[in-house]
Structures are given as C-alpha cells and as structure tokens.
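This report concerns only the one structure given below.
The values are calculated or read from the model by the stated rules, or taken from the named source; none is laboratory data. Just so it is clear, the model here is predicted, and its values are computed rather than measured. Note: ideal-geometry Cβ built from the backbone for every residue, glycine included; neighbour counts use all protein chains shown.
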Amino acid sequence: MTGLLAMFRRLEGPQTVGRGPAFWGLFALVLAAALAYPLFSDGYTVGNTVYFFVWVFIALSLCLIWGYGGSLSFGQTAFFGIAGYGYGIFTINFGSAYGFTLLALVMAVGIAALFAVLLGYFMFFGRIAGVFLGIVTLAVTLMLERFMAQTAGPEWRIGSARLNGFNGMSAMPPLTIPWPGEPIVLFADIGLYYLVLGLLVLVYLALRILMNSSFGNVIVAIRENPERAEMLGYDIRKYQLITFVIGAALAGLSGVLYTVWGQYITPSSMGMTAAALPLIWVAVGGRSDLTSTVIGTLVVLAAFQALTIYGSQYALVFMGVLLVLTVLIAPNGLVLGVMNWLGRIAARLTQRAG
Amino acid sequence: MSLLELRKLNKHFGGLHVTNSVDLTLQAGEIHCLIGPNGAGKSTLFRLILGEHHPGSGDILFAGENITALKSFARIHRGLSVKFQVPGVFKGLSVRQNLEIALQSRHRGEELEAEIDRLLTFLGLESEQAQVAGNLSHGQKQWLEIGMAVSLKPRLLLLDEPTAGMSPEETYMTGEMVQRLNADGMTVLAIEHDMAFVRQVAHRVTVLHLGQVFAQGSIDEIVADERVAAIYLGQAHA
C-alpha cells in the first residue's frame, strides 16, 4: 500500500512540468472534455481525432529517448512500421476471432521491442552516441522502407498475407473485443477513440511516474553528463538500452494503432518524411517534457492537416519553417516555453496571495 | 596494506608514450599527491585507474584484486570514486537532484532526503539546493562534484585538480575537507598544481615526468630534490 502511494507521488517531480491541484484540476477538466467530446461530434471527426492521438505515442517515444535520454533517434518510424506490418501479418493470417486482434497488438509491439533490443545492444554496447546514433537509426528505417517497397511480387507473402510492395498492406481486421452475443468491433470512430484515449492517459501517467523515479533520474543524468553518470557507478549502456526499448515499444504501439485505424500500412510510413515529422512535433512542443510533447504534437498535427487542404507540399515547407523558428526562438520548445512562463506567473500569484 | 597498486603500466597513443612502465603503490589511509609538469601523464594515469582508457600492458590491483579488465562502473562498485578536472556536475539539474542521483542507489525514501540534507550541510550548499547546478560558481561546482564523489563512500577517492580556479581561502577549505574525509578512513590520490594544497594535505608525493615516475617522497624531500626543481618546481619558483 505504501509502495503504491509512493508510486503515485512520483506523478509529480523535477522531471515533469505541472504539479499541485491547479495542474491536476486542469488535467481532469481536459480529460472530462475528451471523454464527453464524441457525444457532441460526428463519427468522421471523432475518427480524425483518433488519427491525431495515434501519433502521440511515437512522439512520446521520441520525447523519452531524445528529450530525456539525450540520444537522438531518427528511426522511431522503423519500430512503427515493424509493428504495423506485424499486426497486419498476424491478423490477416489468423483472423479476429477469440480476441486474437488484441493478442496480435501485443505481439506486434513485442516484435518491435525485440528488434530494438538487438539494434540497441549493438549501438549502446558498441558505444555509439551523438550524431552517429541518429545516422544509424535513420539508415535502419530507410532500409526497411526500401526493402518493403520492393515486395510487390506474389512471392513476397507470409502465410496468406501479401506484403504488396509500395502499395502496402491493407484490409487487416480492426481490433475486436470478444463479447457474449456479438463481439465488439472497434472501427475508427467512437469505439477506437475510447480505447486509444484510455491508452494515451495510461501511457502518459506511467511515463510521468517512470521519469520521476530513480530510473528517470539516471536517464537525465546520462543526458547531462554520461561520463559522470558512469563514474557514479551506473552501467549507462543498460539504462540507455532499456529506455530505447521502451521507446521502441511506444513507437510500435503507434504503428499498430495507425494500422488498425486506417486498416492499411505502407512502406512510406518508414520513409524520410515520416521519420522527420515526429522530430518536428517533439522539438516544437518541448522534447524534455511529456506534457509539452503531447500538446505540441496535437497542435502541430492539427495545423498540418489544416494546411494540407492548400497542398501537402506547402504544409511540409511550413513544418520546416516552424522547426527553424523553434530552434531560433525557443530551442527547448515553444509549448514548454509557454508552460514555464505560465508556471512562473502562477508561482508569483500564489506568493502574493500567501 | 596497499590499497592500489599499479604495475608496469603502459599506455601509448601512436608513438607517444603517455605513461611508460609506471609503478605506483598507495597505502590504505594515506593522502597521496601526484604532481608533474603539463603533459606528464597524470590525467591519463587517472583514466587508466578508472577504466576510461585501457593500458597497452601492465596491471592495476585494487585491494588485492586485479581490476585491469573491469568496466568503469564495476570499478566504482569496488570502491573507487573520482572528481574530474573539469567539474562534471549535471548542469541542467538542481543541486539537490545532483546529490540525489549520486545517493539514490544507497538510500531510499526519507533516509535519502536526510542524507541529501546532511551532504548539503557538509558542502555548505544548503541555500543553493534548488538552483540549477550550471549556475553555481566554479568553486561551488567543484565542491558539489566532490560531494557527489564522496557520497559513494569510496575507499579510494581520486581528485583531479580539486582546487583549480579556487581562491587561497577556498583552497585551504578544500584541504580541510580532504583531511576530514581522510580522518574518516578514506584514501586519497590527488593531482594538484597548487603547492600550498600539497603541503597542507599530502603524506606522500609522487612526481610524474614524461610518463614515468620521476621521484617520490615527502613534500620536503621532493622540494629539496634538485632534479625535481629543475623539471618542475624550478620553473614555478622562477
């Protein structure tokens, strides 16, 4: 019981912005609004919101590895793609009966994590760091994209699942929950919305607890000064690997949910543009804070979609400009900058009141 | 009893012999100072002891165990600890968090908080605890890092120029801190250029020159040694 209490106390701490009744009150308000929102909206818009939420997981994965851990991974999309394709291959072969789609989700995320164990082992135990880590991870995701793009021929199949080259894989069954009477199929509207929202809240809170724990302390210590961290007796390679694997699992979760949402996955989801975009969301939001990352990602995604109406090329140029502006004006992130500013004002007000 | 023993330690980068067959024995409980002109190989010797560099040949024995092949973190677990030449604090984190990271593997919960408070008092950094470590003065950063190194309760503390950039008063206070730690049973090996500090604390002094042990003895013996004066002290006194 005291262990549980200590865990919840870690929801607040030096590694995460936001504390006290004001913050959690606002959090509850936003959550209540998110829960009520589908009641006042149509299926298409709700489905579109699910699409936004899906990307937040890969953004959080980058926030963890890059923002907190200090290792820039350019290849989170590799895990996204592996898990997405993995889900497709499992469910096209074995269908959706007996709740298998849920098992497929877990297994697909597991495969992405396993791949990260292998890749991460060679990188971190080989002491690859800094810009080289970015180069290796980018190369991996681009290689996977190239490979999947040439699997158009009928010989490229796993069981009954055709890989379909550049066109990608489609028509995999959506997530299905077995239920007495009739199974509940989570199509990309209200059903999937509540599942993804639930996962998002769970992951967000769990990451807050993790980053404010002693594990999180070591992760930021490695970012600040890896040599000093090692000379305090921490095997930093192990900590980096674990962080990398957790991040890969989150990126994989993003990939599965994306595949489930649109019932398709293509090689371009692992391509250059796809790999670069999460970096922009996270950098603009504030990579070293979970809340800033979530808000930043949702805002930038919505802006991006609104701009795409006028042409996706312009939207991409805008993304580039946004990144440059962030680096120049608020290198730690625009949302984080605003939140810190609000925090200072709140502190001043409470000081005056007290 | 010898705590640290370096046997014929060699390290070369290409054709440059940075340490050349260094033999050095540290007795448990002593404060030993390592001096020598720039480029003598002092910092490289530290990196060899810590496992950041690996010797071309030779052995490192710590408390009787051969640790030559061990990784750095494993050597720390055996009872080594270090303060680097350039203060290696976690600049973006608060002073308190710096100490928490150093202490958290030994203490938990309220005991951890109490231990952090105790260390803050020892270092005289209570009022700076909420500050970001990067904003501390140079001397305060040095103390904070010494505090982190000491918090591991090491058997051997390595100090690479602990008083660099400090005023004479700060240097003297650091010397007193080192003596207090030594009185509690900590063996200390310090690289130092400040002769006042060496005179204040050193039981024994080793002079390193061109990667080799050049002379060894008490500070008075070293100062009296004309050969040493010629390579090192002579320049300092000139």
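Taken over the range B:96-111, the criterion of being closer than 17 Å to B:Leu152 by Cβ, modelled with pLDDT under 95 and more than 7 Å from chain A (Cβ to nearest Cβ) is satisfied by B:Arg106, B:His107, B:Arg108, B:Glu111. Among the residues of the range A:232-290, just one is closer than 25 Å to A:Ala315 by Cβ and basic (Lys, Arg), namely A:Arg287. For the range A:279-296, the criterion of being farther than 21 Å from A:Thr137 by Cα and within 14 Å of chain B (Cβ to nearest Cβ) is met by at least one residue. Scanning the range B:130-166 for residues that are within 12 Å of chain A (Cβ to nearest Cβ) and polar (S, T, N, Q) yields one hit, B:Ser151.
Cβ-Cβ contacts under 8 Å between residues 6 or more apart (or on different chains), taken from a first residue in the range A:186-207 that is within 21 Å of A:Tyr44 (Cα to Cα) and not assigned by TED's automatic domain parsing to the domain that holds A:Thr243 to a second residue that is assigned to a helix (DSSP H, G or I) and hydroxyl-bearing (Ser, Thr, Tyr), are absent. With respect to the conditions (1) among the aromatic types (Phe, Trp, Tyr); (2) in the same structural domain as A:Val218 (by TED's automatic domain parsing); (3) without any contact (Cβ under 8 Å) to a residue 60 or more places away in the chain, A:Phe53 falls short on a single one, namely (3).
Do you know which residues across the range A:255-284 are more than 15 Å from the chain's Cα centre (by Cα), surrounded by fewer than 20 Cβ atoms within 10 Å (Cβ to Cβ) and aliphatic (A, V, I, L, M)? A:Met272, the sole residue that qualifies. Residue-level analysis places A:Ile222 outside the set of residues that are part of a helix (DSSP H, G or I), more than 10 Å from every other protein chain (Cβ to nearest Cβ) and modelled with pLDDT of 95 or more.
Taking the listed residues A:Ile135, A:Ile92, the one that is under 30 Å from A:Ile184 (Cβ atoms), assigned to a helix (DSSP H, G or I) and among the aliphatic types (A, V, I, L, M) is A:Ile92, with no other qualifying. Filtering the range B:30-45 to residues that are farther than 21 Å from B:Gly217 by Cβ and either touching a strand residue (DSSP E or B) at 6+ places or on another chain (Cβ under 7 Å) or within 14 Å of chain A (Cβ to nearest Cβ) (or both) leaves B:Ser43, B:Thr44. If you filter the range B:62-95 down to residues that are closer than 21 Å to B:Ser137 by Cβ and buried (at least 20 other Cβ atoms within 10 Å of the Cβ), you find that the one that is farthest from the other protein chains (Cβ to nearest Cβ) is B:Val95. Considering only the range A:317-327, I want to know if a residue exists there that is among the aromatic types (Phe, Trp, Tyr) and assigned by TED's automatic domain parsing to the domain that holds A:Phe215. No. Filtered by the rule that a residue be within 8 Å of chain B (Cβ to nearest Cβ) and over 30 Å from A:Ile82 (Cα atoms), the range A:225-255 gives A:Asn225, A:Glu227, A:Arg228, A:Ala229, A:Glu230, A:Met231, A:Leu232, A:Gly233, A:Tyr234.
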